[in-house]
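These notes concern the structure reproduced below.
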Amino acid sequence: MVSREDRATRKLCFGVNSALEEFDRASDNEFSNSSSDDESVREADDDKEEDPDFDDLDSSEDEWEPESEPSPKKQRLLLSPTSTPCTPSRAGASLSPWSALRGRSHSPRVRKRSARSMSAESDTGTWNDISVEDEAPVLPSFLPKRNPGPQLVMDRMYSPLEVFQLFFQTSVVDTIVKNTNSYARMRSEAGKKFLWVPLKAQEMYSYIALVIYMGLFSAKSIIDYWSGKDIYRLPFPKSVMPRSRFQAITWNLHLCDLKEDRANALKKGTRDHDRLFKIKPLYTDIIMACKTYFHPNRQLAVDERMVASRARISFKQYMKDKPTKWGYKLFVLADSACGYTWNFFVYEGKSSLATGKGLSYDSVMRLLDLSLLGNGYQVFMDNFYTSPGLLLDLLDKKTLGCGTIRSNTQGFPRTINNDLSLRAQRGSIRWLREGKLLFVRWMDTKLVSVCSTMHKAYDGATVTRRVRNPKSAWETSQIPIPAALKDYNKYMGGVDLSDALIGYYNVLHKTQKWYKTFFFHFVDIAVVNSFILHQQLAKSQNKSPLTQKEFRETLVSELVRIGTLSCPSPDPKPSTSCDPEPSTTQVNSKKEPCWPEYFGSDATKGRRICVFCKLSGSKVKTPVYCTKCSVPLCFVASRNCFRKWHAEKL
C-alpha cells in the first residue's frame, strides 16, 4: 500500500525529470544553431597560434567554445536508486526542483566578450611593423610672428639688473609698494601693535635682493641670516636691511588693491568671484613680460609645475608622481631648447569657461597663444594631454602635435591584429595610420604608445640600450626607435629644464599667506627667464655668458646698490637732521649729500632695542628711530650708535 506522501514525492520527481528532458532538447538545438559562431571562434584560435606575438596574458578574454561532448553540468539529473528521492546523482548540482516546476531553466554559461575583442572584430585596421614603409606627412611651413629669440637689441649687452627689470618694472614695484603700505596702514588702524615706516621703491629692491640672496645661501630659519652666533655672522644681510625691517615687509607684503579686494570678496560664491585676485597685478604683468621679451623656437613643451605649499586652500593639489607632491599646480608652456617659461596659468579648480572637452584640452588651447606665436609650431606633451581630437584641432590651426597616449583614450585604435604583446622583444615597433594621425607602439623597458601629426612611422633611427644576448648576459646594443619617440625624448623636457633652473636656487619661503608663495615663485620665474635672456644675448655676440650662480650674485649686488646708494625722498612729515656732517653716496657717478633723519618719542614709552647694540650682544632700549633705515638706534653722548650705524652702512 503506497502512502499519500510517497505518491506526492513520485509525482514531484516525475515533473523534475520531464523538465530536465526539455532542457536537454533545447540545449542541443542551441548548439546546432551556433555552428557558424563556433567556426569564427576556431578561426580566432588559429590566428592566435600563428601569431608569435600573441599575448598570453589576454587568454582570459577568449570566447567560450562548446565542447564536442555534453558537459557534466548539462547531463540529465537522474534519481539515484540508493539516494533520497529527488536528490541529484551528482553532488553540487544547483538545479532546484522548484525552479524546474516553475518553468525556469539554466542556460549554459558563456563567457562575456571583452570590449577589446568586440572592437577587434569590428575594426579592420592592422598594426604594421617597420618592414612596411610609411609615407611622411606634409608639414605646414614654420611662420612665426617674430624672429625666435630675445626681443631686445641683440648687439647690446644688458646687465643682469637691466634684464631683471624687464619683468619687475618700475610700475610693478610701485604697485607692490603702494598696496603694501595700504595693507600695513589698515592693520595698524585695526589695532595691530607694530611700528611701520612707509615702504619705498628703493627699499623694495633691497628686499627682493635679500630674497634672491637667501636662495643662494640657504639657512634653516630667517633669523639665522642676522644671527650673531659665530657659526653664522653673515655681514651681508645686516648691511642691506635689519631683520626687523625685513620681517615687517614680509608680514605686510600685499599685491592687490585693498578696496578692489574687498569688493571681490563680496562676490564669493558667485561666478564673478576671482579666486586669484590677490595675485592678479603681478600675475598678469609677469605673463605679459614673458611673452613680450622672448619669442620661442619651433619646439614647445607643455607640462605641469608644482609650487610647494601646505596651506589650507581649496585649489591646493596633490600629485604623487611629482617631486613636489603638495602645492599649487601651474600649467606651463616652455621653449624646449632653453627652458624659457613663455606662458603659464595657475590651476584654480573647475572653471566656468570650460569647453566640455576636458581639462587637458582646455589647458593646451589656453597656453598656445597662436595669434602671437604664428604657424608651424611643434607642441610636445605627455599622456595627460594627448588625444586624437586635440591633435586634429591643433592641425587645423596649422600647429603640429606629438605626445605619449594612453591606450584607453577615446580614438585610440582598438584593433589587436598584429599588435605588440607584453613579451615582445625590446625595440619592436608597430604603427598604424588613421588619416592624418599616426599611432606608434614601441617596446622599451615597457610598452609605450605615441600619437603624432608630424612624423613618419620609422626613419631608420636607433638608440643605445642594454639588452640580453642569447646567453642571458647584458650587452649594449642599438635598437630601432620610432621618429616620434626620438623627438619626444629630445624636446619634451622644456618645462623640466625650467624647473631644474628654478630648483637650484629656489627663493621660496614658508608663509601662511598663499599669495606670498606666488610672489616668491614669480621672482623665481623672473630671475630664470632673465638668466636665459642673458645667455641668448651672450651667445649671439660670441661672448661667454655668466653661470646662473654668477648671474644671481651680480643681480643681488646691483639690486642692493639701488636701495642703498640711491637716497629716497624724505617723508612729508617734519624731521630733524641728526648729524652735523652730511654723508655722501654715489648716484649716477655724482656725489650728493644724504642726511639721515630720525624722530624721537617720550622716553617713558615707545622704546625699542637698539639694533647696533644688539649686534654686540647687549639689549639697550632707545626712543630714537631712524626714518631712513627704519631701525631704532641709540643717540646719547655716551653711545652714539646712530653715527656708528650709518658710518658702517655708508
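The values are calculated or read from the model by the stated rules, or taken from the named source; none is laboratory data. Please read all numbers here as calculations on a predicted model, not as lab measurements. Ideal geometry is used to build each Cβ from the backbone, glycine not excepted, and the neighbour counts take in all protein chains shown. What goes into the accessible areas is simple: the full protein's heavy atoms, side chains included, and nothing from ligands, DNA or RNA. Shrake-Rupley method; radii C 1.70, N 1.55, O 1.52, S 1.80 Å.
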Candidates K280, K320, K291, filtered to the one that is under 21 Å from the mean Cα position of the chain (by Cα), without any contact (Cβ under 8 Å) to a residue 40 or more places away in the chain and closer than 30 Å to L533 by Cα: K280
Based on this model, can you work out whether V153 counts as in a loop (DSSP other than H, G, I, E, B), closer than 28 Å to S371 by Cα and more than 30 Å from the chain's Cα centre (by Cα)? yes
Go through the residues of region 291-304 one by one and say whether even a single one is of a type in the set (A, V, I, L, M) and in contact with a Cys (Cβ under 8 Å, 6 or more places away or on another chain). no
What is the residue count in region 345-401 for residues that are assigned to a helix (DSSP H, G or I) and closer than 20 Å to M454 by Cβ? 16
Identify all residues within region 361-376 that are closer than 15 Å to L400 by Cα and either open to solvent by less than 50 Å² (accessible area, probe 1.4 Å) or among the hydrophobic types (A, V, I, L, M, F, W, C) (or both); write none if there are none. Y361, V364, M365, L367, L368, D369, L370, L373, G374, G376
In this structure, is W431 over 17 Å from L395 (Cβ atoms), over 31 Å from the mean Cα position of the chain (by Cα) and hydrophobic (A, V, I, L, M, F, W, C)? no
With the structure loaded, tell me whether D382 is in contact with a Ser or Thr (Cβ under 6 Å, 6 or more places away or on another chain) and free of Cβ contacts under 8 Å to residues at least 24 places away in the same chain or whether it fails that test. no
What number of residues within region 394-427 satisfy the criterion of being more than 23 Å from the chain's Cα centre (by Cα), open to solvent by less than 60 Å² (accessible area, probe 1.4 Å) and without any contact (Cβ under 8 Å) to a residue 60 or more places away in the chain? 4
Kindly indicate which of L161, L166 is assigned to a helix (DSSP H, G or I), open to solvent by 10 Å² or more (accessible area, probe 1.4 Å), within 23 Å of T341 (Cβ to Cβ) and of a type in the set (A, V, I, L, M). L161
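Results for (1) surrounded by fewer than 15 Cβ atoms within 10 Å (Cβ to Cβ); (2) hydroxyl-bearing (S, T, Y), shown as yes or no for each residue.
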site: C256; (1), (2): no, no
site: G269; (1), (2): yes, no
site: K280; (1), (2): no, no
site: T284; (1), (2): yes, yes
site: Y293; (1), (2): no, yes
site: A301; (1), (2): no, no
site: R305; (1), (2): no, no
site: S309; (1), (2): no, yes
site: Y318; (1), (2): yes, yes
Filtered residue count, region 320-360, keeping only those that are open to solvent by 40 Å² or more (accessible area, probe 1.4 Å), in contact with a Lys or Arg (Cβ under 8 Å, 6 or more places away or on another chain) and among the hydrophobic types (A, V, I, L, M, F, W, C): 1
Condition test on Y232, is it among the hydroxyl-bearing types (S, T, Y), farther than 24 Å from S498 by Cα and open to solvent by less than 10 Å² (accessible area, probe 1.4 Å)? no
Go through (1) crowded, with 22+ Cβ neighbours inside 10 Å; (2) under 24 Å from R298 (Cβ atoms) for R430 and report which single condition fails. (2)
Considering each of S477, S449 in turn, give the residue that is open to solvent by less than 80 Å² (accessible area, probe 1.4 Å), of a type in the set (S, T, N, Q), closer than 16 Å to M381 by Cβ and part of a strand (DSSP E or B). S449
Failed condition for M443, given (1) more than 28 Å from the chain's Cα centre (by Cα); (2) farther than 23 Å from P137 by Cβ; (3) surrounded by 18 or more Cβ atoms within 10 Å (Cβ to Cβ): (1)
Restrict the check to region 501-511 and report whether at least one residue is open to solvent by less than 30 Å² (accessible area, probe 1.4 Å), more than 23 Å from A219 (Cβ to Cβ) and either touching a Pro at 6+ places or on another chain (Cβ under 6 Å) or not basic (K, R) (or both). no
Kindly check whether there is at least one residue in region 217-224 that is without any contact (Cβ under 8 Å) to a residue 12 or more places away in the chain, closer than 30 Å to S544 by Cα, open to solvent by 70 Å² or more (accessible area, probe 1.4 Å) and not in a helix (DSSP H, G or I). yes
Boolean, R466 is open to solvent by 10 Å² or more (accessible area, probe 1.4 Å), more than 21 Å from the chain's Cα centre (by Cα) and within 22 Å of Q202 (Cα to Cα): no
Check N529 against each of (1) modelled with pLDDT of 95 or more; (2) surrounded by fewer than 21 Cβ atoms within 10 Å (Cβ to Cβ); (3) of a type in the set (S, T, N, Q) and name the one condition it does not meet. (2)
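Each row is one residue, and each column tells you yes or no for (1) modelled with pLDDT of 70 or more; (2) surrounded by 17 or more Cβ atoms within 10 Å (Cβ to Cβ); (3) among the basic types (K, R); (4) on the phi > 0 side of the Ramachandran plot.
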| residue | (1), (2), (3), (4) |
| --- | --- |
| S601 | no, no, no, no |
| V611 | yes, yes, no, no |
| K619 | yes, no, yes, no |
| C626 | yes, yes, no, no |
| S630 | yes, yes, no, yes |
| V636 | yes, no, no, no |
